[in-house]
1. Here is a list of conditions, (1) surrounded by fewer than 20 Cβ atoms within 10 Å (Cβ to Cβ); (2) out of contact with any strand residue (DSSP E or B) (no Cβ under 8 Å at 6 or more places or on another chain); (3) under 24 Å from Glu143 (Cα atoms), and Gly284 meets all of them except one; can you say which number that is?
2. So is Asn231 buried (at least 19 other Cβ atoms within 10 Å of the Cβ), under 18 Å from the mean Cα position of the chain (by Cα), away from the ligand (no atom under 11 Å from the Cβ) and on the phi < 0 side of the Ramachandran plot or not?
3. Does Ile248 count as touching a residue at least 12 places away in the same chain (Cβ under 8 Å) and either within 15 Å of the ligand (Cβ to nearest atom) or among the aliphatic types (A, V, I, L, M) (or both)?
4. If we scan region 216-225, do we find a residue that is aliphatic (A, V, I, L, M) and more than 14 Å from the ligand (Cβ to nearest atom)?
5. Before we move on, is Asn56 assigned by TED's automatic domain parsing to the domain that holds Lys145, in contact (Cβ under 8 Å) with a residue 12 or more places away in the chain and surrounded by fewer than 24 Cβ atoms within 10 Å (Cβ to Cβ)?
6. For region 174-197, which positions are more than 8 Å from the ligand (Cβ to nearest atom), under 17 Å from the mean Cα position of the chain (by Cα) and among the β-branched types (Val, Ile, Thr)?
7. Name the residue that is surrounded by the fewest Cβ atoms within 10 Å (Cβ to Cβ), counting only residues in region 287-313 that are more than 10 Å from the ligand (Cβ to nearest atom) and among the aliphatic types (A, V, I, L, M).
Amino acid sequence: MAILVCGGAGYIGSHCVYDLIENGEKVIVVDNLQTGHINAIHKEAIFYQGDIKEINFLNTVFSKHEIEAVIHFAANSLVGESMIDPLKYYNNNVHGTEILLKAMAINNTKKIVFSSSAAVYGETKTFPIKESDTTEPTNPYGETKLAMEKMMKWADIAYGIKYVALRYFNVAGAHPRGLIGEDHNPETHLIPLILQVPLNKREKIFIYGDDYPTRDGTCIRDYIHVKDLINGHILALEYLRKDNESNIFNLGNGLGFSVKEIIEAAEYVTGFSINKEFTARRHGDPAILVSSSQKAKEILGWEPQYTDIRDIISSAWKFHKNNVDGFKK
Ligand code: UFG
């Protein structure tokens, strides 16, 4: 039986495909290549280019393979963009998930591991954030991820599709051997943007806001290495294979770093002094997002290996230095 990875050409999905294949799984990748890269797909995966919003396309893929479980990464994921074009997020994320679940119900696939986000929480008052905390997203992206989680809950009740929703904090870093990494166009994420400065691809980094209620006025985030994050997916798949009930887990390091601290760590790793300039806040950004991943540790047996921010930045630096222009395709 095979694992279907939707969005397997994207940053996080491609890392998952590599690990699944290294674990001996048969992997089918579906991706519309809207943001993904064909060169990021592992050569041993079977690839279908198409959109999860097309039921006929999905039914064809399901009819060609015996699919045991789906791992679903196919979504738009930019907080800033979602504030400007919320309907794109409802269409791609919510409607896309609706059609994917429909295809699963029709084709009798009953397990799904799904990328949710810390963006579902919004401005929380207590830290670290637990799965049971209030979910009040401050942006349409987080709102669509919450809607996708709720859709899964009802699909479980109605069709018996068991899900694990993984609420990611800030994913960063690259394959430890530098084989694949993060390549967005346009890039909006803090760490790859900072690394563009020493690579002479950008003159300076803009810091969005210096008046947040944090220790140095800049936003605090919880950065998790993509390899640790994917290990969470592999464990979630095992959890579903043991016929456990649907569940929701945070995946983060539990450590918060401010934007300024990330820049300092990048200066240490790269050995370059990084030009910076303060500018206005970015709409939709909560001040602090720091996780408690205690539940994933206790129930899934998950334990992050890359807890030092310098190691995370260092793996990203290795990829970017060797692939200055990204994947090209
Ligand atoms: N930032 C800057 N300058 C930049 C880019 C980012 O100051 O040029 C700041 C942002 O304001 C934010 C922090 O750096 O405070 C991190 O920003 P990112 O864009 O790298 O990441 P986000 O926190 O906005 O969002 C990321 C993912 C989401 C996920 C979220 C969960 O993109 O999908 O982490 O914490 F939901």
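1. Status for Gly284: all satisfied but (1).
2. The answer is yes for Asn231.
3. It is true that Ile248 is touching a residue at least 12 places away in the same chain (Cβ under 8 Å) and either within 15 Å of the ligand (Cβ to nearest atom) or among the aliphatic types (A, V, I, L, M) (or both).
4. No, because not a single residue in region 216-225 is aliphatic (A, V, I, L, M) and more than 14 Å from the ligand (Cβ to nearest atom).
5. So Asn56 fails the test.
6. Hit for region 174-197 is Ile180, nothing else.
7. Result: Ile299.
The values are calculated or read from the model by the stated rules, or taken from the named source; none is laboratory data. These numbers were taken from a predicted model, which means no experiment stands behind them. No Cβ is skipped: glycine too gets one built from the backbone with ideal geometry, and neighbour counts run over all protein chains shown.
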